[in-house]
Structures are given as structure tokens and as C-alpha cells.
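The values are calculated or read from the model by the stated rules, or taken from the named source; none is laboratory data. Here the structure is a predicted model, which is why all the values come from computation and not from measurement. Methodologically, a virtual Cβ is constructed for each residue, glycine included, from the backbone with ideal geometry; neighbour enumeration extends over all protein chains shown.
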Amino acid sequence: MDSSHNKKLYLETWGCQMNVHDSEKASHILEGLGYEQTSDPGAADLVLLNTCMVREKAERKVYSRIGNIRNAAGRRIIGVMGCVAQAEAERVFERSPDVRLVVGTQSIGKLPELVAQLESGFHRAIDVRLSKDADFVELAPEKRRAGVVAFITITEGCDKFCSYCIVPFTRGRERSRPASSIVAEAKALASRGVKEVHLLGQNVNSYGLSGRRTSKTKDNDSEWTTFADLLDRVASESGLSRIKFTTSYPKDFTADIVNVIENHTNLCEWIHLPAQSGSDRILRMMRRGYTRRDYLDRISYIKQSTRDISITGDFIIGFPGETEDDFAQSLELAAEVEYDGLYIFNYSPRPHTPAAAFADTVPDSIKAERFARMQELQRRIQSRRYSRYLGMVVEVLVEGESARSGQDLTGHTRCQKVVNFKGGRAAVGDIVNIRVTELRANSLYGEQV
Ligand code: SAH
Ligand code: SF4
Ligand code: F3S
């Protein structure tokens, strides 16, 4: 490939925020190699798909997408990164002979070598090594496209091995990034105009507790704190206006997290705390390590807070062996918590996971029926929860134009609700007060005051 012409990168991202953030890292590394991003796969020299395999549907989509792109892409290099790349490795080449590059979740930093191999004539390049000591790929803040909201990785990987979940296999062992490096990144982002950061990890609450060492920092234990202390440091030292974090894990969620939020106005009122099920029997089979009672204890710390903290969650419907009674307990739990938002997923058996071998499967028709019942319950709860915002003034960070009408602006509240409002005086990056005039199913609508 001629290195003097501007090479083009087309990058598509599925899955969770870790993947979104990994795509950001990959595109920065590739820009350093002379790649420019394009939104047209047909015009790209390198097509990269950053993939998810948390449910079967997400995984299947990868192969159909490769099929589409292959037709448009001709001789371009097609690469797969992310969770499917990690878990499937060489099998990606077998299933899709057009793929020439496979990049595992800890190999983003290896992109320069891998691309060089392809450019020097190798037909295929792959790196899917996982290590419990893997370093964090860090983005130089001055090179980031400073939006108003940015992600900061605090932990990578997961050690929980919930019986249904593929993530521990695709992201490797849990590692915590040294606190000083997290705080430094937060400060640098704030000084570049970022208003809000999301601290990211599969289980942020176990920050600093397990697998905290990487080979480089082995001897320096003071580099890690508890999650609550990390929040305290980022809140007091960064200069950021808003700090959010996700995902919280019920077993490791402690009351001191709520106390720290109460001590800092820049720690936002939002906790995403997935329950997965309301039945102790199912929670045990899921190996979540907490009971319904434990979960409700965490919810009560949050609800007793002096701050009005919004709670969102996840449930899995139709885990193997889930009876009508188990499911009714999930419904009851959701009704008791009254989530401000809920992600409901039909159980999907995943390779490598213990639950995939559990026999007592729930038929798709029952899953669909239970899914609809939980969705309906949540719709009612949410419209009741949202109705308290009518007429209220909420603080919104302006993030851009609303997709629906070019005239409206959009952003999030501190409690992570989407708010669209009539544009005009506000600009992207402003934090504005919006009076809510209208409630929609998953968003609020209002006017600037
Ligand atoms: N680490 C986070 C979430 C990771 S995956 C946590 O533990 O909460 C995001 C969500 O996908 C999970 O919360 C779960 O609800 C869902 N999920 C994971 N594996 C699944 C599977 N095999 N089938 C259906 N949903 C699944
Ligand atoms: Fe998956 Fe459980 Fe880890 Fe979440 S905590 S990523 S559900 S194994
Ligand atoms: Fe999907 Fe991997 Fe995230 S499986 S949800 S992209 S960690």
C-alpha cells in the first residue's frame, strides 16, 4: 500500500461502552499510522468491525455484516476486533475467509504491528493474547477528540463468571488501573473542556479489590484505593462538572459509595445496578453471589440518600429453569425498586459458559410472553416516575442536535435521562436549566429557562 496517499478507515462499533471506548482507542492509533476515518465502507482501505457477543443475535450480526461489506469492499482489508474476535480467534478466518485481521480485546495496542504485517504482504494477521497483567491502552488526552462527554476506563475484564456470561472469556481477568493515572486523565480531560466523564468497568465497585496488579506496578500498592475513595479523588481533584460511573455490581456495592456521592456535587445522581433476577433460586444458578434481600439492602441505601438518586437496572428473562413463580419474583422486585429505566434481555446461551449446558430451557414463546409482561410493567412504572418531572427544572448538559428535528438540542440530566429541548441560546458543552414541558416514553422534552 502506498503510504503517501491518505489511507481510509471505516470503523463500526457494537456492544457496550467499553467497545465504544476501545473504538476510540483504535481509531487514534490508526490515525497515527496515517488513516483517516470515513463513513463509507466502500471508500475504505481498512474496514474494522468492533464486535459484541454477549447475546447470540449480536454475534450472528457480525457474520452477516461481513457478507454485506465484502460485496461493497472489494480488495479492502476487513478486520474484526472486540469480543467476537477474542472468543472466536482463528475461527473468524474459517467462517469468513474475507477477514484478514483479527484483533483481540487486549491487543488494540498491537494494531501498528498487525497492520504493518498486512501491508508488507502477509495475507492474515491475528493477535488474541490475553494476560492477567495486560497493560491499559491509554489515550493521550491531547489527542482525543474532546467532546463534552468522555469515557475513562478504570477496570478491564471481569472475574465474576456469572454462569450465563461470556464477558470473562472475551475480556480476560479483572485488572484495575492505577488511581493516579485515572485522576491524571480526568484532570487533563477537564482542562480540555470535557464536562462529564463516565468511569467504566464491568464491575466498577470491585475497583482496587481484585487482580489489581499489573506487572509494571506490582510493588506499589498505594496506587489503588477502594472504589469509593477513587470517586472521592476524581471528584475533588479533576475539576470536572459531572462524574458518572457504570456498571455497579450488587455484591460489591457498598454504602460508602452513596456517602461519597453525598459529599460531592459533581458526582451525579445515577446508579446502574443490574439485578438480573428477583428469585434467589435463579440468582444462585446464575452465580451472582447475592440474594434478593442483599439486593434490596443496596437499593435501600440508595433510596435513603439525601440526594435523589436515579436507579436503572438489567433483568434476564427465561434463564434455564425459570418457572412462572421465579419470573413473578422478578416482576415483584422490579415493582418494588421502581427503576427509572430498565434493560430487559431474553436469555441467550453462550459458548464456554456453564449455563449453556443447563438442560431445563425455557421455550422462546414463554420468554417472549414474560418479556412483554416485564416491559409493560416497566412502561407503567416509568411513566409514573417520569411524571414527577413535569414542570420541574432539570440541569442538562448540551451534547448536540436532537436526531428527530435539526432544531432541537439534546443532552442528559445528571440522572442520565435524555432531554430534548428547543434550541436557540444554548450551545454544545453548556450546562443549562430546562423546564420539562412534555413527557415521552424514554425521554423528557422542555424549554430553556
Ligand atoms: N457487567 C455488567 C453487565 C455486562 S453484560 C453486570 O454484571 O451487570 C450487560 C447485560 O447483558 C447484563 O447485565 C445481562 O443482563 C445481559 N446478559 C449478559 N449475558 C447474557 C446472556 N447470555 N443472555 C442474555 N442476557 C445477557
Ligand atoms: Fe458478565 Fe457477571 Fe461479569 Fe457482568 S459481572 S460482565 S454479567 S460475568
Ligand atoms: Fe458485548 Fe463485549 Fe461489551 S460481549 S457487552 S462488547 S464486553
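Is it the case that I77 is under 11 Å from E12 (Cβ atoms) and either touching a strand residue (DSSP E or B) at 6+ places or on another chain (Cβ under 7 Å) or touching a residue at least 40 places away in the same chain (Cβ under 8 Å) (or both)? So I77 fails the test.
So if I check each of K132, K57, K25, K110, which one is within 16 Å of ligand 1 (Cβ to nearest atom) and either at pLDDT 95 or above or under 25 Å from G157 (Cβ atoms) (or both)?
Details: K132 fails: within 16 Å of ligand 1 (Cβ to nearest atom); K25 fails: within 16 Å of ligand 1 (Cβ to nearest atom); K110 fails: within 16 Å of ligand 1 (Cβ to nearest atom).
Every option except K57 fails the conditions.
Determine whether segment 149-159 contains at least one residue that is within 24 Å of G34 (Cα to Cα), crowded, with 22+ Cβ neighbours inside 10 Å, in contact (Cβ under 8 Å) with a residue 24 or more places away in the chain and out of contact with any strand residue (DSSP E or B) (no Cβ under 7 Å at 6 or more places or on another chain). No, the conditions are met nowhere in segment 149-159.
This table checks each residue for (1) buried (at least 18 other Cβ atoms within 10 Å of the Cβ); (2) modelled with pLDDT of 95 or more; (3) touching a helix residue (DSSP H, G or I) at 6+ places or on another chain (Cβ under 9 Å).
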site	(1), (2), (3)
S405	no, no, no
D408	no, no, no
T413	yes, yes, no
A427	no, no, no
R440	no, no, yes
L444	yes, yes, yes
V449	no, no, no
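Against the test of being among the aliphatic types (A, V, I, L, M) and away from ligand 1 (no atom under 12 Å from the Cβ), the options I311, I317 yield a single qualifying residue, I311. Within segment 50-68, the set of residues being within 9 Å of V84 (Cβ to Cβ), among the hydrophobic types (A, V, I, L, M, F, W, C) and assigned to a helix (DSSP H, G or I) comprises A58, V62. P349 passes every criterion in (1) within 23 Å of the chain's Cα centre (by Cα); (2) of a type outside the set (V, I, T); (3) more than 16 Å from ligand 2 (Cβ to nearest atom) apart from (3). Selection within segment 160-190: residues that are under 26 Å from G411 (Cα atoms) and in contact with a Gly (Cβ under 7 Å, 6 or more places away or on another chain). The member of this set that is surrounded by the most Cβ atoms within 10 Å (Cβ to Cβ) is A190.
Out of A26, A85, I need the residue that is of a type outside the set (S, T, Y) and either in contact with a Ser or Thr (Cβ under 8 Å, 6 or more places away or on another chain) or outside the structural domain of R95 (by TED's automatic domain parsing) (or both). Which one? Outline the logic, then answer.
Values: A26 fails: either in contact with a Ser or Thr (Cβ under 8 Å, 6 or more places away or on another chain) or outside the structural domain of R95 (by TED's automatic domain parsing) (or both).
None of the other options fit; the residue is A85.
Within segment 154-192, the set of residues being closer than 17 Å to D232 by Cα and within 16 Å of ligand 1 (Cβ to nearest atom) comprises I154, T155, S176.
How many of the residues in segment 244-263 are under 21 Å from A150 (Cα atoms) and assigned to a loop (DSSP other than H, G, I, E, B)?
Let us first name the residues in segment 244-263 that are under 21 Å from A150 (Cα atoms), namely 244-248, 261.
This time we only want the ones that are assigned to a loop (DSSP other than H, G, I, E, B), so: 247-248.
The number of residues fulfilling the criteria is 2.
Could you look through segment 5-23, keep only residues that are part of a helix (DSSP H, G or I) and over 18 Å from C165 (Cβ atoms), and pick out the one that is farthest from ligand 2 (Cβ to nearest atom)? Can you show your working first?
Of the residues in segment 5-23, the ones part of a helix (DSSP H, G or I) are 17-23.
Then drop every residue that is not over 18 Å from C165 (Cβ atoms), which leaves 20-23.
On the way: V20: 16, H21: 15, D22: 15, S23: 19 Å.
That would be S23.
Among the residues of segment 113-154, those identified as in contact with a Leu (Cβ under 8 Å, 6 or more places away or on another chain) and within 16 Å of ligand 3 (Cβ to nearest atom) are F151, T153, I154.
If you check E138, E174, which single one turns out to be within 16 Å of ligand 2 (Cβ to nearest atom) and touching a helix residue (DSSP H, G or I) at 6+ places or on another chain (Cβ under 8 Å)? Don't jump to the end; show me each part of the working.
Working: E138 fails: within 16 Å of ligand 2 (Cβ to nearest atom).
It is E174.
When segment 24-42 is filtered for residues that are among the charged types (D, E, K, R), touching a Lys or Arg at 6+ places or on another chain (Cβ under 9 Å) and assigned to a helix (DSSP H, G or I), the ones remaining, listed by number, are E24, E31. Whether a residue is of a type in the set (D, E), touching a helix residue (DSSP H, G or I) at 6+ places or on another chain (Cβ under 6 Å) and either farther than 19 Å from A186 by Cβ or modelled with pLDDT of 60 or more (or both) was assessed, and D232 passes this test. Among the residues of segment 339-353, those identified as under 21 Å from R60 (Cα atoms), in contact with a strand residue (DSSP E or B) (Cβ under 9 Å, 6 or more places away or on another chain) and more than 12 Å from ligand 3 (Cβ to nearest atom) are I344, N346, Y347. Looking only at segment 40-64, residues that are surrounded by fewer than 24 Cβ atoms within 10 Å (Cβ to Cβ) and within 26 Å of I317 (Cβ to Cβ) come to 11 in all.
Among the residues in segment 301-309, are any within 15 Å of ligand 2 (Cβ to nearest atom) and either farther than 15 Å from S163 by Cα or in the same structural domain as L333 (by TED's automatic domain parsing) (or both)? Give the derivation first.
Filtering segment 301-309 down to residues within 15 Å of ligand 2 (Cβ to nearest atom) leaves none.
For segment 301-309, residues within 15 Å of ligand 2 (Cβ to nearest atom) and either farther than 15 Å from S163 by Cα or in the same structural domain as L333 (by TED's automatic domain parsing) (or both): absent.
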